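Everything on this sheet refers to the single structure shown next.
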Amino acid sequence: MRKTAVITGASSGIGAATARRLAAEGFDVVLAARRVDRLEKLKAEIESADPAGRRNAVAVVALDVTSQESVDALAASLRQCHVLVNNAGGAAGLDPVANTDPADWQWMFETNVLGLMRVTKALLPKLIDSGDGHIVNVTSLAGHAVYEGGAGYTAAKHGAAAVNDTLRLELYDQPVRVTEVAPGMVRTEEFSLVRFKGDEEKAAKTYDGVAEPLVAEDVADCIAWAVTRPSHVNIDRIDVKPRAQAAAHKVHRV
């Protein structure tokens, strides 16, 4: 039986790269995000790249992880689920606590923490029923470190990491593996642009002088490796950074 992987936030960046990679690994993939037009383009791309005779099933589902109704509709649309990649999330702002906008914090907690909880809770029965389920939570180095201006984002990602670790304890006697993938500096087309509310100049400065930040495919490679290990092997956590980044706050720039 072919395995089905559900990827949230699949319309761009790490989510889209993960969908491509898992399809190449032989999974049927469910692309879930708010921007259905982008998902349809990705679906067509994956299907056109499918080797003759393998024919991955690719489904598109509109998903807003901040809406319980939307999450419930995703769960109802699925016949089965073997792998859940909780990738939807993001950062908003880089202001110190004294100047921060509470609305930014609320959005970050809704997407990075509550969204992860909603989707996991909704799909957990199918993951257990599969007999070989796997939850991959894409967090960040910000889930294990802090830096000035990042209190809201680091708090949200610390929360996501705590949910991940708690799931690992709660599901120890179930046929479901739990993995956290915590990327460092990844240059995608949208992460910093969203963080700085469309300010392209600010977004570009994030990567100034860094010759080779990670790209989305590097993180997708980690996810694919984790979910293709033998069923008895649980990869608890993968921290992945570019060579130029020693820590969240320490990056070699030229």
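The values are calculated or read from the model by the stated rules, or taken from the named source; none is laboratory data. What you see is a predicted model, and the numbers here were worked out from it, not measured in a lab. Cβ sites come from the backbone with ideal geometry, for glycine too, and all protein chains shown count toward neighbours. Side chains are part of the model used for accessible areas, which takes the heavy atoms of the whole protein and leaves out ligands, DNA and RNA. Shrake-Rupley method; radii C 1.70, N 1.55, O 1.52, S 1.80 Å.
When residues in the stretch 118-139 are screened for being within 13 Å of the chain's Cα centre (by Cα) and either at positive phi or open to solvent by 30 Å² or more (accessible area, probe 1.4 Å) (or both), 0 of them pass.
The residues listed here are A59, A17, A76, A10; of these, the one that is buried (at least 17 other Cβ atoms within 10 Å of the Cβ), modelled with pLDDT of 95 or more and outside any loop (DSSP other than H, G, I, E, B) is A17.
Scan the stretch 39-46 and give yes if some residue there is at pLDDT 95 or above, under 26 Å from R177 (Cβ atoms), assigned to a helix (DSSP H, G or I) and not hydrophobic (A, V, I, L, M, F, W, C), otherwise no. No, the conditions are met nowhere in the stretch 39-46.
Checked against the criterion of being surrounded by fewer than 19 Cβ atoms within 10 Å (Cβ to Cβ), in contact (Cβ under 8 Å) with a residue 12 or more places away in the chain, assigned to a helix (DSSP H, G or I) and not aromatic (F, W, Y), the stretch 23-33 contains one or more residues that satisfy it. Once the stretch 79-104 is narrowed to residues that are open to solvent by less than 60 Å² (accessible area, probe 1.4 Å) and assigned to a helix (DSSP H, G or I), the residue that is nearest to E148 (Cα to Cα) is D104.
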